Amino acid sequence: SDHMENICGYLMKYTNLVTGWQYRYFVLNNDAGLLEYFVNEQSRHLKPRGTLQLAGAVISPSDEDSHTFTVNAASGEQYKLRATDAKERQHWVSRLQICTQHHTEAIGKNNPPLKSRSFSLASQGSANSPGVQRRPSQNAVSFFGVGHHRLPTGKRVPIMQPDHLVDVREMMSQAEGQQRDLIRSIECLPASGHLTSLDQDLLMLKATSMATMNCLNDCFHILQLQHASQQKGSLPAGTTISWLEPKISLANHFKNGAAQNFPAEINKPASVREEQSIAEPCQLTREPEEINPDEELEDICDDKEDDLGAVEEQRSVILHLLSQLKLGMDLTRVVLPTFILEKRSLLEMYADFMSHPDLFIAITSGGSAEERMIRFVEYYLTSFHEGRKGAIAKKPYNPIIGETFHCSWRMPKGDVATDAGTNPSAQSPSEQGTLPKEAEGQAEPDYYTVKFVAEQVSHHPPVSGFYAECVERKMCVNAHVWTKSKFLGMSIGVTMVGEGVLHLLEHGEEYTFSLPCAYARSILTVPWVELGGKVNINCAKTGYSASINFHTKPFYGGKLHRVTGEVKQNMTNTVVCRVQGEWNSVLEFTYSNGETKYVDLTKLSVTRKRVRPLEKQGPFESRRLWQHVTESLRDGDIDKATEHKRALEERQRNEERLRAETETPWCTKYFLKDGDGWVYHKPLWKTVSAAQTQQTDSN
């Protein structure tokens, strides 16, 4: 109560896409539990422009910067606000949270629990039976008789000791079972009649009972942590307590509109127990592992993604999800239903962008700066077709922090385009440049090797780093991508925030590039994917740049998946190449000399990547990590896939909480923070530079 002060001041409020951010004068009325705002301070004596009830509200600092936060009222209304700096944001957030907690608790005190004890459903019969007919004055809560179990009068609740946690866990398991029975009983009601499964009171009862179980689960976790600190004193850095994970699994009651049966921990499949018991990643060796490409085998996995088609069967799931979303809401923390998942991780999807290694390697063979830029644009535009697996609207797995993916490609040297009259295999050692020492003295293979590694370096925000190199051609690419998903009504937009840099060490050139946005359209009918937005490719040394536009389909008319672009010399502002077509079909390149080249992506050869067998992969390599989810999806067992997926996500959340509570920083394995980006720990430009320096010193 000492901090229950009324505060006021100017904050920026986000209105809409047209108006954007506007300064408004906000007043926190602690007595009434209201957040009000006015046009300015002078109009404070007038009626407020807007008011939010804070009881039951959620105050959330934003991940996008240190100034923004949101106030989500229980009514569903949301204010997105921005303070002048991080200190002011913290002041507003803390005061709003204190006020919210005070008034939320006051509501609980003023509304005592019902006296009924039973969680059971009244006997079900025909629509004419007394148990089903409902008087107008009888609400759903009284009909189901939901209430609390009370202790006998006069008995005091004993102080909870640590060794009583087993009893608490047992009671919570029983409560979870009763709650699941309640949900099943509601869902078994007829779809029409006096009392249906869609009754508003019953829907509210389902939601609040699930929220209650979640809250109890969080409280139980706190008790576990207190027990751990008492048993072990202070938790040393990196400590993992094996039983910190919740032993009850909250049912996903809205999965495909059916109830779920969750077996006890002892009855869980061994694969799920394995997923939940993998040690904290930082306890594993975080030393970078050198992957030997000779251990990798050509990938025989051919997971063709079936088209989702019409989503009638999953409509209830999607409608339930949409009912909880607001326009512009960040979907980073929203768990999407399993049936929309691809059978690969996002990290592997980035690798599939490299499925045309011949075009990638050919970039550095261009005879001029102009030709090298054009070749890079050609490779860039042909990468999305295989990377996206066509236009099927499915989503790859969200990588777990610390997850990695390794692969490589072998490309016969004769299949790689070179500059006119030049055979790269016939180049002299001086033209090829200095290679690392380990490559000396070895017989030169008749193929090029492109190695790829990706790592999930951050969870909030979700950031992936990936790196690929061809040592023989002295070229590499390093990139980091932050995926930001937003709800746009009948579609979902994914912004790929970040930057990539292609290094051509033979020429001393660096090409910076970005990635387009992706959109999942028509999510209630037949979902499909399109790319949109403008991307730029620049080479500061040569002065060449490319501007590429991925066009989204207009509301009326227009073509799907259209892309246009041009390559120009910045000094003279001369366009040297234009491109148009569809990124998943045919592309047309028109050059300054009048020549035209067509690339049919559907007929372009795809080189299979090489991946180590599962038994040789580490526990946090993508395919081994997600193998049980992938196998269940292949078998069409959505229930089992959901269970395995939940186990992985639950473990990640528990480990993240433990790191926060023990103040243990996350340590990456292959990528190092560099300003706002991430760089591979041993990039080729450093290796080659060090080798050249060593050779110079020896001479």
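General remarks:
- Among the residues making up the range 580-623, those that are in a strand (DSSP E or B), touching a helix residue (DSSP H, G or I) at 6+ places or on another chain (Cβ under 9 Å) and more than 19 Å from Glu386 (Cα to Cα) are Phe589, Tyr591, Lys597, Glu621.
- Counted residues, the range 429-446 - those being open to solvent by 60 Å² or more (accessible area, probe 1.4 Å) and either assigned to a loop (DSSP other than H, G, I, E, B) or modelled with pLDDT of 90 or more (or both): 6
- Qualifying positions in the range 483-506 - open to solvent by 50 Å² or more (accessible area, probe 1.4 Å) and of a type outside the set (A, V, I, L, M, F, W, C): Lys486, Thr495, Glu499, Glu506
- Looking only at the range 601-629, and only at residues there that are crowded, with 22+ Cβ neighbours inside 10 Å and β-branched (Val, Ile, Thr), the one that is modelled with the lowest pLDDT: Val629
- Restricting attention to the range 73-85 and to residues that are open to solvent by 40 Å² or more (accessible area, probe 1.4 Å) and either modelled with pLDDT under 85 or hydrophobic (A, V, I, L, M, F, W, C) (or both), the residue that is farthest from Ser458 (Cα to Cα) turns out to be Ser75.
- Verdict on Ser1 being outside the structural domain of Thr100 (by the TED database) and either modelled with pLDDT under 90 or on the phi < 0 side of the Ramachandran plot (or both): yes
Table: residues versus (1) modelled with pLDDT of 90 or more; (2) open to solvent by 50 Å² or more (accessible area, probe 1.4 Å); (3) basic (Lys, Arg); (4) closer than 13 Å to Trp92 by Cβ.
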| position | (1), (2), (3), (4) |
| --- | --- |
| Met12 | yes, no, no, yes |
| Gln22 | no, yes, no, no |
| Leu28 | yes, no, no, yes |
| Thr51 | yes, yes, no, no |
| Glu64 | no, yes, no, no |
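- Yes/no for Ala641 being without any contact (Cβ under 8 Å) to a residue 60 or more places away in the chain, assigned to a helix (DSSP H, G or I) and aliphatic (A, V, I, L, M): no
- Verdict on Ser605 being at negative phi and in the same structural domain as Val481 (by the TED database): yes
The values are calculated or read from the model by the stated rules, or taken from the named source; none is laboratory data. Not measured: the values here are computed from a predicted model. No Cβ is skipped: glycine too gets one built from the backbone with ideal geometry, and neighbour counts run over all protein chains shown. To get the accessible areas, we keep the full protein, side chains included, count just its heavy atoms, and leave off ligands, DNA and RNA. Shrake-Rupley method; radii C 1.70, N 1.55, O 1.52, S 1.80 Å.
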